[in-house]
Amino acid sequence: LQSFKMAKDNVLVRKIRGLETAGSLSLLFSDKTGTITDGTMRVVDCIEIKNNTDYTIREIVGSMEACFDDTNATSEALIRFFSKNNVLKPVAILPFSSKRKYSAVTFKDAGTFYLGAPEFILIDNYDKVKSRIEKFASQGCRVIALGHTVTGIKKEGISTAVRPVALIVIQDHIRDEAYETIEFFRNNGVDVKVISGDNPITV
């Protein structure tokens with residue numbers, strides 16, 4: 001009976017065996033992006049920290065996004081907000097990697113810009129913006145850092161001298177039915193764990 005109740009509450013079961021055992025669940029692991037959220041992201045804020053370059057944040061991020069062929073929900077949100085441009089001329093490109101959690105582009109006469117998870121980019125300078133990041137993360141927002149260094153892209157890892165230029169705040173839309181579904185599991189003694197590569201505070 002419990003299995004049939006679950007089947008009516010937005011629970012997707014691929015096999016009957018799964019449906020039969022759903023009634024005895026005590027722990028459920030769920031992906032976040034595209035499961036609890038619908039994968040639709042939008043930039044809601046951009047906070048300039050210290051931009052010592054000759055270019056605007058829009059010119060920098062737009063020039064970076066113009067360098068990459070592959071897109072995902074995050075990059076699409078950045079493109080919608082900043083738009084692509086060719087103001088800066090790339091000389092070296094490092095596409096985004098979920099393992100690295102950042103992308104980077106070295107531009108002619110402008111140094112290298114990094115875009116990605118603040119704690120992976122800023123390293124020695126992370127504490128300077130930590131409180132701001134945690135403020136937005138506590139509201140459920142994803143925070144991306146734009147960092148800069150005068151040196152080129154390092155093959156062996158990121159430079160510890162990357163300085164924060166801006167923080168970009170992105171909101172991921174939660175599915176309308178997610179609240180009710182998760183509440184249903186909780187009320188029936190099922191502990192829900194969310195799997196995500198995002199900052200734990202954001203999750």
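The values are calculated or read from the model by the stated rules, or taken from the named source; none is laboratory data. Since the structure is predicted, the reported quantities are computational estimates derived from the model, not experimental observations. Methodologically, a virtual Cβ is constructed for each residue, glycine included, from the backbone with ideal geometry; neighbour enumeration extends over all protein chains shown. Remember, those area values only see protein heavy atoms, side chains included, never the ligands or the DNA or RNA. Shrake-Rupley method; radii C 1.70, N 1.55, O 1.52, S 1.80 Å.
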Legend entry - Unmet criterion (only one of (1) exposed (fewer than 15 other Cβ atoms within 10 Å of the Cβ); (2) free of Cβ contacts under 8 Å to residues at least 40 places away in the same chain) for Gly189: (2)
Inset, instruction - Write out, first by first residue and then by second, each pair whose Cβ atoms fall under 6 Å of each other, whose residues are 6+ apart or on separate chains, and whose first residue, in the stretch 131-146, is within 16 Å of Thr33 (Cα to Cα) while the second is among the aromatic types (Phe, Trp, Tyr). - result: Val143/Phe136
Legend entry - Inter-residue pairs, beta-carbon under 7 Å, first over 24 Å from Lys155 (Cα atoms) and without any contact (Cβ under 8 Å) to a residue 24 or more places away in the chain and in the stretch 70-99, second open to solvent by less than 40 Å² (accessible area, probe 1.4 Å) and among the polar types (S, T, N, Q), 6+ apart: Asn86/Ser63
Inset, instruction - Find the residue count for the stretch 168-193, including only residues that are over 11 Å from Thr37 (Cα atoms) and of a type in the set (Lys, Arg). - result: 2
Inset, instruction - Just name the residue that is modelled with the lowest pLDDT out of those in the stretch 16-36 that are small (Gly, Ala, Ser) and closer than 15 Å to Ala178 by Cβ. - result: Gly34
Inset, instruction - May I ask you to say which residue of Val190, Val165, Val169, Val194 is touching a His at 6+ places or on another chain (Cβ under 6 Å) and modelled with pLDDT of 75 or more? - result: Val165
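Report, by residue number, each residue of the stretch 25-37 that is surrounded by 16 or more Cβ atoms within 10 Å (Cβ to Cβ) and not in a loop (DSSP other than H, G, I, E, B).
Selection gives Lys32, Thr33, Ile36, Thr37.
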Inset, instruction - Return a yes/no flag: does the stretch 52-67 have any residue that is at pLDDT below 95, among the basic types (Lys, Arg) and either farther than 20 Å from Asp198 by Cβ or open to solvent by less than 30 Å² (accessible area, probe 1.4 Å) (or both). - result: no
Legend entry - Qualifying residue in the stretch 99-121 (condition: hydroxyl-bearing (Ser, Thr, Tyr), under 22 Å from Arg42 (Cβ atoms) and open to solvent by 60 Å² or more (accessible area, probe 1.4 Å)): no
Legend entry - When residues of the stretch 70-90 are limited to those that are closer than 24 Å to Thr151 by Cα and loosely packed, with under 14 Cβ neighbours inside 10 Å, the one nearest to the chain's Cα centre (by Cα): Asn86
